Amino acid sequence: MTTAAIAQPVNQASDNAAGLLTSVTQIARRVLLKFIRSPQLVVVGTLQGAMFLLIFRYVFGGAITTPGIDYVNFVVPGFIATGVLFNAMYSAVGMAEDLEAGLIARLRSLPIPRSAVLVGRALADTGIQVWGLVITIAIGFAVGFRLHDTLPAALEAAALIVLFGIVFEWLFLLMGMIAGSPQASQGFALLIFPLTFVSSAYVPVASMPAWLQGFAENQPVTVMVNAVRTLTEGAPAEALVGHPASYFVVRSLIWSLALIAIFAPLAVAKYRRG
Amino acid sequence: MLEITPTVEAMGVSKRFGATKALDGLDFTMRPGQVTAVLGPNGAGKTTFVNLLATLLRADAGTLRVCGADVRRDPAAVRRMVALAGQFAAVEPAMTGRENVEMVARLFGQSRRDARRNAAEVLEHIGLTEAADRTVRGYSGGMRRRLDLGASLVGRPRLLLLDEPTTGLDPRSRNELWDVIRSLVHRGTDVLLTTQYLDEADHLASHVVIIDHGRAVASGAPRELKRLVGRTVVEVHVREASDLERVAATLGAISDSDPYIDVPARSVRAGLDADTNRVFAALRPLDDTGIVIDEVAVRAPTLDEAFLTLTGNPQEDVA
């Protein structure tokens, strides 16, 4: 320890604060560094996604009939779209970890815009989402998935998936804050299962009992999955799910806006209250 | 007379959580240029008070100012002046020590170059220059706590809030942290620390506020607080616990307050205000009683005893 002089405290308090852009960048950078430097998160997350995709493709796939379209072309868009929910779980756990470790308390005591912490994290988590997306798409192609529509349509699908990721980000940030601990937020995240499995992601909704079809047909995940599926697979997919791509794209956009309009303000309010 | 703006000014500050009153009309003034310790048992309201000052909580009633800025009306100004280091080392384990400190510097609005320079200075000051480029995952508990403190310092706060800074540290790490804390005041940062360790307050603070049940029950220099017990303490250890009452009655004759009987230690303790001559007179009646006395001590009071006198809590509750 030395007695080297450290800078004198500033008296002009107004200088002592960061703007929104700097704050958001610094917080996003931290979340990304943590992800990159935690190999277990990267490897386990990737392996888990790959394993489930392989199981559906090669184990369950043979027993599931998808008239007019190969099962691999049916299920890979489902996997890509629901992948954002599984990846968003990381946001809930990460947020809860930061709360528990006192990092959020430190950030809240700093002279930065209050929205910066959540926006920075949502931004970084979206980056992590894109990484997961790229991996899932690569595995999808490796096991036989092919595009049967135009490239612009596929890019539109990719953009929609990123949007869905941002949407669920806010829901999961809120869950992480409500849960308060990483373990509890993993429990909350079990909500993912009814949303993803009772949807058109892995099996055609028509194969479910009638009472379940009502929910499965109208819940947001089905609409989002079908938007991605019809944009990447074209006419055969549209015939199977009963509506053209535009029908699902419009509905998935409405769902996205509605979910963001509900959960982003709730998350910000929860963060402010502490 | 020249008016000096207090670093912290609390008037009737109250905060409840459900049915629990964490703070119940706390009055408190902290003058600039010193380390002030807020001392109290668990649940006394110490952490709540720090969280109010750090703008993490809002008070239900009362006025709270930091360097003249009202915490409720102008929290943004308060956040620019205070820094918080908590009971947990709030640093990112996946980042290096340097990255952690630079991040906080940037969040205080410093340019990249300033952040780099100030972070290097702070790391030197807290003795982490050599470990600066290792990830915090490999740091010891003491190193993490020092880094947490360093991250708080890099924003050059006027007021540093330390919530139980040494809880859970081994004695060597604790002493290292104390050295850093002591050096801060010379550089113009006032320190408010909460602690449940009386010797910590005694070592570090020039001003101590004792709080209990959400109120300030006493404040002053450690020396003044100890004097509340008396100038001198007489402590008599006996062989047989059954003799304690008789010894207490004897010592009671020379003490202004009731002697304190510590049954497990088989001792009686009494505070004296007057000179020590009375001690010998008071102990003389014990000569003929046949009570076996193991040890008699005449000494200065400790802060523990002051605390006990003020809060009525046995020492065990404090730990």
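Residues being facing another protein chain (nearest Cβ under 7 Å) and either aliphatic (A, V, I, L, M) or under 23 Å from the mean Cα position of the chain (by Cα) (or both): count how many of those fall in the range B:68-81. Give the steps one after another, and end with the answer.
Taking the range B:68-81 and keeping what is facing another protein chain (nearest Cβ under 7 Å), we get B:76-77, B:79-81.
Still in the running and either aliphatic (A, V, I, L, M) or under 23 Å from the mean Cα position of the chain (by Cα) (or both): B:76-77, B:79, B:81.
So the answer is 4.
Let me confirm something: among B:Ala119, B:Ala105, which residue is of a type outside the set (Val, Ile, Thr), in contact with an Asp or Glu (Cβ under 8 Å, 6 or more places away or on another chain), touching a residue at least 40 places away in the same chain (Cβ under 8 Å) and more than 8 Å from chain A (Cβ to nearest Cβ)? Full working, then the answer.
Working: B:Ala119 fails: touching a residue at least 40 places away in the same chain (Cβ under 8 Å).
Testing whether each residue is of a type outside the set (Val, Ile, Thr), in contact with an Asp or Glu (Cβ under 8 Å, 6 or more places away or on another chain), touching a residue at least 40 places away in the same chain (Cβ under 8 Å) and more than 8 Å from chain A (Cβ to nearest Cβ) leaves just B:Ala105.
Restricting attention to the range B:124-140, which residues are at negative phi and facing chain A (nearest Cβ under 10 Å)?
Residues of the range B:124-140 that are at negative phi, as a first pass: B:124-126, B:128-140.
If the condition is that a residue be at negative phi and facing chain A (nearest Cβ under 10 Å), then B:Glu124, B:His125, B:Ile126, B:Leu128, B:Thr129, B:Thr135, B:Arg137 are the ones that fit.
Is there a residue in the range B:65-74 that is touching a Leu at 6+ places or on another chain (Cβ under 8 Å), more than 23 Å from B:Val185 (Cβ to Cβ) and surrounded by fewer than 19 Cβ atoms within 10 Å (Cβ to Cβ)?
The initial filter retains those residues of the range B:65-74 that are touching a Leu at 6+ places or on another chain (Cβ under 8 Å), namely B:66-67, B:70-72.
Checking which are more than 23 Å from B:Val185 (Cβ to Cβ) leaves us with B:70, B:72.
Of the ones still in play, those that are also surrounded by fewer than 19 Cβ atoms within 10 Å (Cβ to Cβ) are B:70, B:72.
Scanning the range B:65-74 turns up at least one residue that is touching a Leu at 6+ places or on another chain (Cβ under 8 Å), more than 23 Å from B:Val185 (Cβ to Cβ) and surrounded by fewer than 19 Cβ atoms within 10 Å (Cβ to Cβ).
For the structure I just gave you, tell me whether A:Arg146 is within 14 Å of another protein chain (Cβ to nearest Cβ) and touching a residue at least 24 places away in the same chain (Cβ under 8 Å). Working first, answer last.
Values: within 14 Å of another protein chain (Cβ to nearest Cβ): no; touching a residue at least 24 places away in the same chain (Cβ under 8 Å): yes.
Criteria not met by A:Arg146.
Looking only at the range B:286-312, how many residues end up being over 12 Å from B:Val234 (Cα atoms) and modelled with pLDDT of 75 or more?
Of the residues in the range B:286-312, 9 are over 12 Å from B:Val234 (Cα atoms) and modelled with pLDDT of 75 or more.
Of the numbered conditions (1) within 11 Å of another protein chain (Cβ to nearest Cβ); (2) in contact with a helix residue (DSSP H, G or I) (Cβ under 6 Å, 6 or more places away or on another chain); (3) surrounded by fewer than 20 Cβ atoms within 10 Å (Cβ to Cβ); (4) modelled with pLDDT of 85 or more, A:Gly68 satisfies every one except a single condition; which is it?
Unmet condition: (1).
Go over the candidates B:Arg223, B:Arg246 one by one and state the one that is assigned to a helix (DSSP H, G or I), farther than 30 Å from B:Lys21 by Cα, in contact with a Ser or Thr (Cβ under 7 Å, 6 or more places away or on another chain) and of a type outside the set (Asp, Glu).
Details: B:Arg223 fails: in contact with a Ser or Thr (Cβ under 7 Å, 6 or more places away or on another chain).
Result: B:Arg246 is the single residue among B:Arg223, B:Arg246 that is assigned to a helix (DSSP H, G or I), farther than 30 Å from B:Lys21 by Cα, in contact with a Ser or Thr (Cβ under 7 Å, 6 or more places away or on another chain) and of a type outside the set (Asp, Glu).
Looking only at the range A:112-121, count every residue that is assigned to a loop (DSSP other than H, G, I, E, B) and within 16 Å of A:Pro265 (Cα to Cα) and tell me the total.
Step one: of the range A:112-121, the residues assigned to a loop (DSSP other than H, G, I, E, B) are A:112-115.
Of the ones still in play, those that are also within 16 Å of A:Pro265 (Cα to Cα) are A:113-115.
Counting residues in the range A:112-121 that are assigned to a loop (DSSP other than H, G, I, E, B) and within 16 Å of A:Pro265 (Cα to Cα) gives 3.
How many residues does the range B:180-197 contain that are hydrophobic (A, V, I, L, M, F, W, C) and either at positive phi or assigned to a strand (DSSP E or B) (or both)? Quick ask: steps written out before the conclusion?
Of the range B:180-197, the ones hydrophobic (A, V, I, L, M, F, W, C) are B:180-181, B:184-185, B:191-193.
If we keep only those that are either at positive phi or assigned to a strand (DSSP E or B) (or both) too, we end up with B:191-193.
Residues in the range B:180-197 being hydrophobic (A, V, I, L, M, F, W, C) and either at positive phi or assigned to a strand (DSSP E or B) (or both): 3 in total.
Does B:Arg182 satisfy the condition of being within 17 Å of the chain's Cα centre (by Cα), among the basic types (Lys, Arg) and more than 14 Å from every other protein chain (Cβ to nearest Cβ)?
Values: within 17 Å of the chain's Cα centre (by Cα): yes; among the basic types (Lys, Arg): yes; more than 14 Å from every other protein chain (Cβ to nearest Cβ): no.
So B:Arg182 fails the test.
Name every residue in the range B:185-199 that is at pLDDT 85 or above and more than 14 Å from chain A (Cβ to nearest Cβ), in order of residue number.
Scanning the range B:185-199 gives B:Leu193, B:Thr194, B:Thr195.
Within 8 Å of chain A (Cβ to nearest Cβ) and surrounded by fewer than 23 Cβ atoms within 10 Å (Cβ to Cβ) - does that describe any residue in the range B:141-151?
No - not one qualifying residue is present in the range B:141-151.
Counting only residues that are part of a loop (DSSP other than H, G, I, E, B) and of a type in the set (Gly, Ala, Ser), which one in the range A:197-240 is surrounded by the fewest Cβ atoms within 10 Å (Cβ to Cβ)?
Ranking the qualifying residues of the range A:197-240, first place goes to A:Gly234.
Only residues that are part of a helix (DSSP H, G or I) and in contact with a Ser or Thr (Cβ under 7 Å, 6 or more places away or on another chain): list them for the range A:122-152, please. Walk me through how you get there before you give the answer.
As a first pass, look at the range A:122-152 and keep what is part of a helix (DSSP H, G or I): A:122-142, A:151-152.
Listed by number, the residues that qualify are A:Asp125, A:Ile135.
The values are calculated or read from the model by the stated rules, or taken from the named source; none is laboratory data. Predicted model only: the values in this text are computed from it and were never measured. Positions of Cβ are generated from backbone atoms using ideal geometry, with glycine treated the same way; all protein chains shown enter the neighbour counts.
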